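A quick write-up on the structure given underneath.
The values are calculated or read from the model by the stated rules, or taken from the named source; none is laboratory data. Quick caveat, the model's predicted, so the values are computed rather than measured. Here the Cβ positions follow ideal geometry from the backbone for every residue, glycine too, while neighbour counts run over all protein chains shown.
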Amino acid sequence: MSVMSIRIPEEKRKQLKAIASLEGKSMTNIVSDLIEEYVAEAQVRLQDKAELKEIMKASESSFSEWDNDEDEVYNDL
């Protein structure tokens, strides 16, 4: 397991420590759980973007007649 240092305001650290104590958890467990949750949500978001790109690519030929210079901004989506 790796060690990670983060800097947070002292007041937030005290609040986190108090909440962790009330819940019978360690600050490490709470932060680790939050990171796990964030990573899982990010993977879903990134997967959705990949699927959207595939759908857009598949429908590209259907909309080629609508192509114009003003729509170039959408090409990088």
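Taking (1) outside any helix (DSSP H, G or I); (2) in contact with a helix residue (DSSP H, G or I) (Cβ under 8 Å, 6 or more places away or on another chain) in turn, ILE30 satisfies each apart from (1). Residues in the stretch 1-38 that are surrounded by 10 or more Cβ atoms within 10 Å (Cβ to Cβ), within 20 Å of the chain's Cα centre (by Cα) and hydrophobic (A, V, I, L, M, F, W, C): ILE30, VAL31, LEU34, ILE35.
Return yes or no: is LEU77 modelled with pLDDT under 65, out of contact with any Leu (no Cβ under 7 Å at 6 or more places or on another chain) and not aromatic (Phe, Trp, Tyr)? Full working, then the answer.
Working: modelled with pLDDT under 65: yes; out of contact with any Leu (no Cβ under 7 Å at 6 or more places or on another chain): yes; not aromatic (Phe, Trp, Tyr): yes.
Judged against the criteria, LEU77 is a match.
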